[in-house]
1. Between D:Arg196 and D:Glu38, what is the spin-label point distance in nm, taking each point 7 Å from the Cα along the Cα→C-beta axis?
2. Can you give the FRET efficiency to the nearest 0.05 for D:Val389 and B:Glu339, using r as the Cβ-Cβ distance and R₀ = 51 Å?
3. Partner chain Cβ atoms within 10 Å, averaged over the residues of C:131-139 - can you pull that number for me?
4. What longest range of chain A stays clear of loop-exposed GluC sites (Glu not before Pro) (DSSP non-H/G/I/E/B, at most 16 other C-beta within 10 angstrom)?
5. Under the Kirkwood approximation applied to all pairs of distinct alpha-carbon atoms, what is the hydrodynamic radius of the stretch A:221-339 in Å?
6. Near D:Lys19, which lysines are there with a Cα under 24 Å away, not counting those fewer than 8 places off in the same chain?
7. Strictly greater than 35 Å: what percent of every Cα pair in chain A meets that?
8. Enumerate lysine pairs in chain B that are 8 or more residues apart or on different chains, then count those whose Cα atoms are under 19 Å apart.
Amino acid sequence: MSQTTTEERNAIQASVRSLMEDRNTEADVRRVMETAEGHDPAVWQQLVELGLTGLVIAPEFGGAGLGPVELELVMEETGAALLASPLLSSSVLAAGLLTAAGDAAVNKRLLSAIAAGKTIATVAMTGDAGTWTADGVAVSARADGDKWLLDGRANYVTHAQLADVLLVLARTPAGIRIFEVAAKAAGVTISPLPTFDRTLRLARIDFAGVAAMPVGTAGWPAAEAALQLVLVALAGEQAGGARRMFEKTVDYAKTRIQFGRAIGSFQAIKHMAADLLIEVESATSAARAAATALDAAGEGSNEPADAAIHLAAFACADAYTTVTATAVQMHGGIAFTWEHSAHLYLRRARAQAQLFGAPAYHRERFLTALGA
Amino acid sequence: MSQTTTEERNAIQASVRSLMEDRNTEADVRRVMETAEGHDPAVWQQLVELGLTGLVIAPEFGGAGLGPVELELVMEETGAALLASPLLSSSVLAAGLLTAAGDAAVNKRLLSAIAAGKTIATVAMTGDAGTWTADGVAVSARADGDKWLLDGRANYVTHAQLADVLLVLARTPAGIRIFEVAAKAAGVTISPLPTFDRTLRLARIDFAGVAAMPVGTAGWPAAEAALQLVLVALAGEQAGGARRMFEKTVDYAKTRIQFGRAIGSFQAIKHMAADLLIEVESATSAARAAATALDAAGEGSNEPADAAIHLAAFACADAYTTVTATAVQMHGGIAFTWEHSAHLYLRRARAQAQLFGAPAYHRERFLTALGA
Amino acid sequence: MTTEISDDALRAEVRAWLKANYRPEELRGATLWSSTPETRAWLTKVLEAGWATPRWPAEWWGRSLPEHQARIVEREFAAVKAPGAGQDRGNLYANTAMAYGNDALKAHFVRGILTGEINMCLLYSEPGAGSDLAGIRTRAELKGDNYIVNGQKVWTSGAMTADYGMLIARTDWDAPKHGGISFFFLPMKQPGVEVRPLRQVTDESHFNEVFITDAVCPVDNRLGAEGAGWRVLQTALAYERSVMGDGARGPRNASAKVSLIDLARDAGKLNDPVLRQDLARVIAYRRLNDLNNARAKADLKEGTSSPIMSLGKLAMSRILHEEARLRTSMLGAASLLEGKDFPVSDDANFLSLNAYFTSIGGGTDQIQRNIIGERVLGLPKEPEVDRDVPFREVRAG
Amino acid sequence: MTTEISDDALRAEVRAWLKANYRPEELRGATLWSSTPETRAWLTKVLEAGWATPRWPAEWWGRSLPEHQARIVEREFAAVKAPGAGQDRGNLYANTAMAYGNDALKAHFVRGILTGEINMCLLYSEPGAGSDLAGIRTRAELKGDNYIVNGQKVWTSGAMTADYGMLIARTDWDAPKHGGISFFFLPMKQPGVEVRPLRQVTDESHFNEVFITDAVCPVDNRLGAEGAGWRVLQTALAYERSVMGDGARGPRNASAKVSLIDLARDAGKLNDPVLRQDLARVIAYRRLNDLNNARAKADLKEGTSSPIMSLGKLAMSRILHEEARLRTSMLGAASLLEGKDFPVSDDANFLSLNAYFTSIGGGTDQIQRNIIGERVLGLPKEPEVDRDVPFREVRAG
């Protein structure tokens, strides 16, 4: 169970919110999203100083040793502020995978560097199928003496173009295993992909006989554990983003006058807002419940966290998409311009609804977790 | 192609509407639906006199020799007025099956009697599966010398408890064939079923070594032809019912005052009405297009009617269900009473959305018809 | 006059008292709307022991307990399913009488209400005043010491057995709509009050219409000042919301207790991928609402006010309609049937209609969205054409 | 001055004329918003032959043909894809000028508009007047023989190349909102008119903002009386609706021409039963709308008025949003990408944003539902708080 008090959690969340308000305004987001790096190294440094890059990394590796409950709250704030950053890729997904794989030597080196923000890592999981399932792994590893060589393709790899280290899921004759590869290793071709959500960075990675180092012995189960953590974080981002866009829309409905009265006084707008509030509150509840469930499962609870996590995954994705799509409609023409923030949220909602599995996939997993 | 002029079709439709207004008011419907027979023999006689019992039966058998286009228009009126009657079972489904089977001797005897309204026939097609597909047929026929004997069960048979003659789809070693059985034949047990839509009559029929007479040699293909005809008729019923309930709702919204103004002046109600108008018009267009397509196919058009018919089947079913369900909400408390007509339409919409295949089934068939 | 007692001692006392006095088998046969001699005897015993109104002072049969101790009493009763405790929080009628009745009214009614001697019902809605409750047209005219009441009420539960009805009626037709309403305890057992059962869309009768013709109501039975009835009503409605669930009944048959997943399995559809997507979506609606409610409760505990509570009724409306739709779609042709021989179909059909109890009753979904938009989100109200107009000039229909 | 001619003779004459004169290869390069010397030469030829305005009399370059014969001319031009015929029905600007311009304005503008010498644009919407077009605050003040115009317009196509803009501006701030508006042909090529491209949500620029500062508009360029501009506008909007499609652009890439079924097949999802249900539903939306339109046309032919025409824009909005959603769902992770290397994804994403062009532009879906409810179904209007108030007292924001 989370060891922090409500007050401590509120303080963490407040410090992130304050950083976002200072250093990650909408103007900052628009500036950063047009850069090749797609993130602001100065803000990255601030994240390091706040301890966010090591939030869920164990103290022995220089992290804060906190868990999914605190992580989810942090992500609500980064999501609300549209933070463009490799935080999710490196400090959640990669850190989660390494923690689950439990290779002490690797962790001592890599997790420490990730926690310190000195190394950016990401995970290459799926191939062209884009499914984030064991089936989707399209890199293979073959033993060559005491070395391992990787061949094949990983696709939709988040922030690979920024990464120093790639953690690659690859098929071996004995099943899927995890490998560490330097991003600059010979035989690695990283092709940045143009993304509809310009706050996101994706790349395709082709491996041609790349020498790689195995990480621990846990394979796909460690990936599943990392996915659980990243889905909780993503749900927090989605819940936070949905809430922020919703608040902006309600504010607009209070101040925009047409026909001599605020448009929020018209039932058409008012009723859409009421329905969206259910979506926003449900997303927040689902994301937090998933975090709590994962936290409890980590402490040996008998309740598996799967149902809560996959529920949050599709409920938050659908809520974020619905809220942002409806918000554009509620704004009218102004939101059809590039200068308005609505489309930034809508683009992000659409992207986050596909990352790490689409809603239909999570609905299936949710049912399976319920025994159906 | 239909040989009638627009004026003639309007006249047919007007005569049915006038009969409904005179003899099938809501009070009549409520009275008739509580009777065991579930229809009014006096109104049946009127249908006979108008030529409706033989509408799509060839003139050589005493029918009017008209086609799906005229049939659909007639059914719009019976649907609007919630007519409880074996018309669909006997004069559309059974007549359609006999016409498709093309057994001259049987048709001379049976189609003439159906056209004259002296015999009520129905078709036993599906078993407990309730699918109205070849797979669903659960009666089997075995040859016993020069006789055929039927065993098994038919379910969801419309108006079987009223029928004089049962046309039964049954499996033989050579495939599905059609058999004629007198409703009172030895070994036939007809169990009336309690229906949620009280204007409908359904029964289960158990066959225990029932002597039966084969009808023609066409088996399931004739059933498909009869289903095409009955789906067009049903689409007309649904479109007509949806339109009538919609009109009642709009009228109510104009006259019901709350907060000092007609409720139809509130956007909540007005916008629901606008959306429902699309449903109503789409249902009418779909039903009529299906009728036209079936008519053209009957005249040897190369365009198969399948896509148009299955489109109408699911579009009209969904429109009728949506319109009636929303109409209850738009009325508020008054429609939560038994005395209000809304639930009669809602019950009928729900029933007709299941008869002869549910919307999901028709969506599949629609795609298949489009080559997908 | 507060008697200090420790939580543990109180708990022990209640437990011992229940053990000594509570015989559940004696209380069978009572309903929500009418009592039996045995229940009346029990409720009297609870009252006299101080458990019916533990927060109230001794003169009102109470013990002046603080809130958290009153909850202890309620929890002990709830643990053995014994009725009658904590009515100072849960009894709508007694609380309304205490809050707004004059001394004569309180003396006359409160004890009887608490002990089940007096059965009550609600006379609020009218055929012409549903969503717009302030548009009521039942008329009460003061003639000497009595009001003479004429009008029609609808959607009244328990009117058949009620001795008195909490009535809103118009006493001033020149005041704007909210300002001309008064609140009464109308005697139901009199010739001018005729109760007729209302047949619901589900073919059941849980409600009545009440026709009121020159019925007599003593002036002492008015709660609050003449013309101040709207405020009394708001208090009464708030009590009602704070203690009642949404009131929608579950299915009529045993399939009520079967989960949607098991229903899908029974229908042979659990491997149908189309159905599975729908199933997950619908199960999620209810789970998300449960999570919202749990979060709202936790928020309240920490002293943060929660807007989530206001969403429950609207969310429940969607849950009930969607669950009914899913049940229907699982059943396919079987949903054509009803009646006790087809309990799963019967439930699906019943639920599909009964969902309107929640989406219409107690404020339609549309009214709920207005309330959420205005009270929770702070969106401005619509222009109200009838708000400041003398009521006799307001359009009706 | 009607010259009688048989339908067949007319058809033959048009066909022969086109054969003798039409060289499509000469007309490449022109756009909807600006003409080339070749297109101007062609349009002049069409005008002088009487085909541009076949319904109008000879003094306006026409032949006084009855409607059905004018349609014959249009159909013959359409058959060979030749532009310029039947502008007496289809040219918004020329028709508006003819209907409301004074003789000077007509003489000055109509021929140039018909021949492409004069390019036009629309100056209607403002940042503060979107759904509520009558709420415009661009100001036109008469000083001598000119109006001096100040304000800002938005969502203007073709403003970069336009010579004149059809402008609505407020000339009377004491009249109620609809009564103080006048209608002008504003000269665009002057220092007081600044055009800035507007970057759309799709990252394209098909529209402009127009900033108007002390721009000069001759009094002769006013159409209709001062303060009667709302009526002129209604006529202009009716012309626009009668001839224009919904204007939403298709996808940017070749996948535009691929059917949804083929896209599903390409995505390897055509056997996915969940996707198939969705696919059938979405294909149906478009088919049903086509069937509705066909029925509406047939109704019109038989002289029955059809309410269905009014539904098209709202229906199209759902079609476009749903098709975009379905494309996205077929693509899965591939929908994360955009750009010309990923044309199918690019289209799905583009369409998902561009669908708002239809659901917001030219009256939001919400405004459309009001119009359908009020004009087609006859439901009463809402109370309009600003209708009869002097405009200077109307709230803005």
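1. Result for the modelled spin labels: 3.7 nm.
2. E between D:Val389 and B:Glu339, to the nearest 0.05, is 0.65.
3. Mean partner-chain Cβ count within 10 Å for C:131-139: 2.
4. My reading of the result: A:38-298 is the longest stretch.
5. Values: mean 1/r = 0.0646 Å⁻¹.
Kirkwood hydrodynamic radius for the stretch A:221-339: 15.5 Å.
6. The qualifying lysines are D:Lys45, D:Lys81.
7. Details: 15301 of 69006 pairs.
So the pairs more than 35 Å apart make up 22 percent of the total in chain A.
8. Counting lysine pairs in chain B gives 5.
No lab work stands behind these numbers, since they all come straight from the coordinates. What you see is a predicted model; the values in this text were computed from it and never measured. Backbone-built Cβ (ideal geometry, glycine too); neighbour counts: all protein chains shown.
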